[in-house]
2 protein chains.
Amino acid sequence: MTVKKANQKEMLKAPYHLFLGCSDAELSIKTSRGIAQWNPDACIGEIAGGKSTLSIGLPKLSVKEAAEAGAKTFVIGLANAGGFVNPEWEPYILQAIEAGMDIASGLHRRLDEIASIKTAAEKYGVTLHDVRHGYTDLKTGNGVKRTGKRILSVGTDCSVGKMFTTLAIAEEMKKQGFDADFKATGQTGVMIVGSGICIDAVVADFISGGIEELSPDNAADHWDIIEGQGSLFNPAFAGVSLGLLHGSQADIIVMCHEANREHIKGLPHMAVPDIEDCINLNLKCASLTNPDVKLGGISLNCRNLSAGEGARQRAELEAKFGVPCFDPMITGAKSFVEAL
Amino acid sequence: MTVKKANQKEMLKAPYHLFLGCSDAELSIKTSRGIAQWNPDACIGEIAGGKSTLSIGLPKLSVKEAAEAGAKTFVIGLANAGGFVNPEWEPYILQAIEAGMDIASGLHRRLDEIASIKTAAEKYGVTLHDVRHGYTDLKTGNGVKRTGKRILSVGTDCSVGKMFTTLAIAEEMKKQGFDADFKATGQTGVMIVGSGICIDAVVADFISGGIEELSPDNAADHWDIIEGQGSLFNPAFAGVSLGLLHGSQADIIVMCHEANREHIKGLPHMAVPDIEDCINLNLKCASLTNPDVKLGGISLNCRNLSAGEGARQRAELEAKFGVPCFDPMITGAKSFVEAL
């Protein structure tokens, strides 16, 4: 298994050929959609297997056509319950290996657990990238202040829009002339930019150390825009969120929240925290490694609101907290970046 | 590799033969000292290899003598920088395997990485217990309230006495007639009681879920006394501490602090937190999964104080926080348990 460095450049080689799986489960291909939306230049084509009719609007290419067009990595751009390689996917993966492509997977189970895939990869000399595995060379965190500036997205829960928020901020900052890099901490983020670290998949001792490595010393006017994970109020994943907060030494946090979410994702007995309480706890904890941390904005995911109600709630939060409130899908991150 | 369950009983078979290594580094054998102090009935003997003159006061037995006396597990009761099997140790480990003993190790590197050890274990049918590895079957946490009661030790830093505090509390509670179990979350604790989970060694996603499994539903008047790890104020390990706090659903936390510690362990640039600040943040975070959590006591490690100064500081903390303040090494945990 390849040993990966959190701060390795170009872990995954572009361009990608995106594999959408063999079922019609629209929600399963969120990873492919994310890659195609945020890094379209890296995507050469898509392929749905079996009887699947799914598409994300890229050129529909066979594995052979994609390889001929120059595809370097075959990306398993979907997730399934259990996180394993479905036997239906195997022929497509093997074809891609035979065509000389690396394989990238964000599944829980490793690609090389499948003997046919392991053997073929060795035979054709391609790399199997399990982005959730292989970070075996990390150090524990030390909290020593690093140079450069950092923005971290935090949240009231999982899946409220932390990745989209940081991607939108990084894109807008580049547009406005900032020297900014998006730093991926989850599997979709890692596949979008081709590098990063799946921080929830490292050994617990190395959460903050992994983030310190992901976002090292940099020029004084450089900004790392770090993708957050989980929430300090999610009873499953708060440990990851706290290590991420300490490791990032954020100068600025952006609080991400989904309007009208009824309970913590997957846990109907757990209430979504009050946003003010969540901001205060994040600032309190973040101050351990950066006493100057500030709230820079609120990213309100308004997908469950009417346009008018969304605008009203954003205005209300801006007035209450004195920082820009935006929805990266509706308003973009312009107001946030202009206020920096 | 054996797949371990966090709540597995008798993961390690007693009695143990304790291996003290081949050097005279007194600090390296803290694990052996801990096992001999807290579970003397499990210890059949000790053996120092090479030119080592170390002893922890157990009968000095050769591997052969220990096996004849009934030893079931050869415990590598020491740590070294790097956490690997020193080649000098190999002959002793191989002798133990040939004598039919299981091997227990808390090292970072796995025993079966050494080909001779792996081969011998297979040949003689003994088990290699890497207590920092093999928790591959965990679930993510869910925060659902469990029956039974729980005490968790928390701290201002690592290595302030959290394990000793919880062992002393569990022992005192049993003496006073409580139905109480010590639950180990670190390698020495796991070796002392022969079961538990090294929570800093699990994948980050499973910290709180691992603790939920370690301390499942129990009788209403049963107490799990859970060993804490790290500190919410340690920039390397706070993620582990928070997951542990959420997973344990502690009814009562005990704050552990070392008097006169000058800075966070190994990090001279990080200040030890104010104890009140640390209590408040622990109670705030713990309330997510147990809104009724309370501070039950303060365990003050007074090893750097004179007897008089220690007594004065303990009295001061008792007056300030209104809970018993004790040093498990000096006063025992009686005052704490009586106040329950």
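Where a number appears in this text, it was derived from the coordinates with a stated rule and is not lab data. Just so you know, these numbers come straight off a predicted model, no measurement behind them. Methodologically, a virtual Cβ is constructed for each residue, glycine included, from the backbone with ideal geometry; neighbour enumeration extends over all protein chains shown.
In chain B, taking the dipole from charged Cβ atoms about the Cα centre, the farthest positive-side position among B:T289, B:L111, B:T53 is held by B:L111.
For region A:198-294, the ratio of Cα radius of gyration to the globular rule of thumb 2.2 N^0.38 Å stands at 1.12. Over all distinct Cα-Cα pairs of chain A, the Kirkwood formula returns a hydrodynamic radius of 20.6 Å. With label points set 7 Å from Cα along Cα→Cβ, the inter-copy distances at A:S62 are 7.2 nm, sorted shortest first. Magnitude of the charge dipole for chain A, about its Cα centre and with charges confined to Cβ atoms of Lys, Arg (+1) and Asp, Glu (-1), is about 120 debye. Would you mind checking region B:154-178 for residues with the amide N under 16 Å from a putative spin-label position 7 Å along Cα→C-beta of B:D221? B:173-178, by backbone N distance to the label point. Computed from Cα positions, the angle between helix B:307-321 and the longest principal axis of chain B comes to roughly 50 degrees. Coupling constants for region B:77-92 follow from the phi torsions by the Karplus curve (6.51 cos²θ - 1.76 cosθ + 1.60, θ = phi - 60°), and in residue order they are x, 8, 10, 9, 5, x, x, 10, 6, 5, x, 4, 7, 3, x, 5 Hz; glycine and proline get x.
Going by Cα centres, region A:84-101 and region B:308-340 are how many Å apart? Taking the Cα centre of each part, region A:84-101 and region B:308-340 sit 64 Å apart. Using just its DSSP H runs of length 4 or more, each adding -39500 (n - 2.57), chain A gives a mean residue ellipticity at 222 nm of -9000 deg cm²/dmol after division by all residues. Using the average count of surrounding beta-carbon atoms within 10 Å as a protection proxy, the listed peptides B:37-46, B:322-331 rank, highest first, as B:322-331, B:37-46.
Within region B:300-333, the trypsin sites (Lys or Arg not before Pro) that combine a DSSP coil assignment with at most 14 other C-beta atoms in a 10 angstrom radius are B:R303.
Would region B:85-181 count as rounded, prolate or oblate if I go by the C-alpha gyration tensor, calling it rounded below 1.5 in a/c and otherwise prolate when a/b exceeds b/c, oblate otherwise? Prolate.
Counted over region A:149-338 with a bin width of 10 Å, the fraction of Cα pairs per bin, in whole percents, is 10, 40, 38, 11, 1. For the residue pairs A:K145/A:K284; B:K5/B:K64; B:K30/B:K265; B:K5/B:K334, alpha carbon separations beyond 26 Å are given by B:K5/B:K64; B:K5/B:K334. One decimal place: the segment B:K30-B:T53 gains 6.8 nm when fully extended, by the rule 0.36 nm per residue minus the C-alpha distance. Across every pair of non-identical alpha carbons in the protein assembly as shown, the mean reciprocal distance, once inverted, gives a Kirkwood radius of 26.7 Å.
B:A315 label point (Cα plus 7 Å toward Cβ) to equivalent points in the other copies: 6.4 nm, shortest first.
The modelled label-to-label distance between A:K5 and B:V144, using points 7 Å beyond Cα along the C-beta direction, is 4.5 nm.
If R0 is 41 Å, the Cβ-Cβ spacing of A:E98 and B:E122 corresponds to a FRET efficiency of close to 0.70.
How big is D, in µm² s⁻¹, for region A:1-115 by Stokes-Einstein at 25 °C and 0.890 mPa s if Rh is the Kirkwood radius over C-alpha pairs? After rounding, the answer is 172 µm²/s. Got the B:A81 label distances to the other copies yet, label 7 Å along Cα→Cβ, in nm, shortest first? Between copies, matching label points for B:A81 lie 5.1 nm apart.
Against the main long axis of the alpha-carbon atoms of chain B, helix B:275-286 sits at an angle near 80°. Among A:L267, A:L20, the order by Cβ neighbours within 10 angstrom, fewest to most, reads A:L267, A:L20.
How big is D for region B:130-245, in µm² s⁻¹ as a whole number, if Stokes-Einstein is applied with the Kirkwood radius of its Cα pairs at 20 °C and 1.002 mPa s? Answer from the Stokes-Einstein relation: 150 µm²/s. A DSSP coil position with no more than 11 other Cβ atoms inside 10 Å describes the following trypsin sites (Lys or Arg not before Pro) in region A:1-91: A:K9, A:K51. Distance from the Cα centre of region A:165-230 to that of region A:123-163, in angstrom? Cα centroid of region A:165-230 versus Cα centroid of region A:123-163: 7 Å apart. Per-residue mean of foreign Cβ neighbours for A:240-249 is 5 (Cβ atoms of other chains, 10 Å radius). Take each residue of peptide B:14-25, count the partner chain Cβ atoms within 10 Å of its Cβ, and average: the result is 0. Relative contact order, whole percent, for chain B stands at 16, derived from Cα pairs under 8 Å and 6 or more residues apart.
Dipole magnitude for region A:16-130: about 100 debye, using +1 per Lys or Arg Cβ and -1 per Asp or Glu Cβ, origin at the Cα centre. Computed over region B:128-194, relative contact order equals 25 percent, with contacts defined as Cα pairs under 8 Å that lie 6+ residues apart. Taking every alpha-carbon pair under 8 Å whose residues sit at least 6 apart, region A:16-130 reaches a relative contact order of 26 percent. The Cβ shell under 12 Å around B:C285 holds other residues with a net charge of +1, Lys and Arg each +1, Asp and Glu each -1. A full extension of the chain between A:E90 and A:A115 corresponds to an added length of 7.9 nm, given 0.36 nm per residue minus the alpha carbon distance. Are there GluC sites (Glu not before Pro) in region B:224-286 that DSSP puts in a loop and that have at most 15 other Cβ atoms within 10 Å, and which ones? The qualifying sites are B:E262. Near A:V272, once Lys and Arg are set to +1 and Asp and Glu to -1 for all other residues with Cβ below 14 Å from its Cβ, the sum equals -4. Taking every residue in B:227-235 and counting other chain Cβ atoms within 10 Å of its Cβ, the average works out to 4.
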